[in-house]
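See structure below.
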Amino acid sequence: MANRGTHLSDFARTHDVVVFVAGSKSSNGKVLFGRCREANASTFAVENASQLRPEWFRGAGKVGICGATSTPRWLMEEVQEAIDSMVNRDSQ
C-alpha cells in the first residue's frame, strides 16, 4: 500500500480537483483518501455520484478520479460520467 499511496499523492498533485471514490467504512479508502488530501486540499470523498457537488469543479481545469483498492471500476466510471455531465451543464 505504501507504493500505491505514493502514486496517489503524485496523481493528486497533478490535478486541480480529485474525487476519491470509496465506501465510508473502507479502512483502505480512508488511508488512501488521506494521502490524496495531504497532496491536494481540493480532494473530495464520495461513495457514489449522488454525493458530487457542482461547486467543487468551478474553475477546475483538470479533474482526477481515483478510489480504494476495492472500488469497482464501473462505479468510478459512473462518477466520471456524472462529473462530465455537471461540468458540461455549467459551461453552457
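The values are calculated or read from the model by the stated rules, or taken from the named source; none is laboratory data. Since the structure is predicted, the reported quantities are computational estimates derived from the model, not experimental observations. Methodologically, a virtual Cβ is constructed for each residue, glycine included, from the backbone with ideal geometry; neighbour enumeration extends over all protein chains shown. Please note that ligands, DNA and RNA were not included when accessible areas were found on the heavy atoms of the full protein model with its side chains. Shrake-Rupley method; radii C 1.70, N 1.55, O 1.52, S 1.80 Å.
For the chain, trypsin sites (Lys or Arg not before Pro) are listed when DSSP marks them as loop and at most 15 other Cβ atoms sit within 10 Å of their Cβ; the list is Lys25, Arg58, Lys62. Given a 1.4 angstrom probe, I'd like the percentage of the accessible area of region 28-89 that is carbon and sulfur, rounded to a whole number. Whole-percent figure for carbon plus sulfur exposure: 48.
The calculated 222 nm mean residue ellipticity attributable to helices in the chain amounts to -15500 deg cm²/dmol, summing -39500 (n - 2.57) over DSSP H runs of n ≥ 4 and dividing by all residues.
Please state, as a whole number in µm²/s, the translational diffusion coefficient that the Stokes-Einstein equation yields for the chain at 10 °C and 1.306 mPa s, with Rh defined as the Kirkwood radius across alpha carbon pairs. Reported coefficient: 121 µm²/s. Using a 7 Å offset from Cα along Cα-Cβ at Val31, what residues in region 59-89 end up with backbone N under 15 Å from the label point? Under cut-off, by backbone N: 68-71. For the chain, the solvent-accessible area with a 1.4 angstrom probe is 59 square angstrom per residue. The gain in end-to-end length when the Asn88 to Arg53 segment is fully stretched comes to 11.2 nm, 0.36 nm per residue minus the alpha carbon separation.
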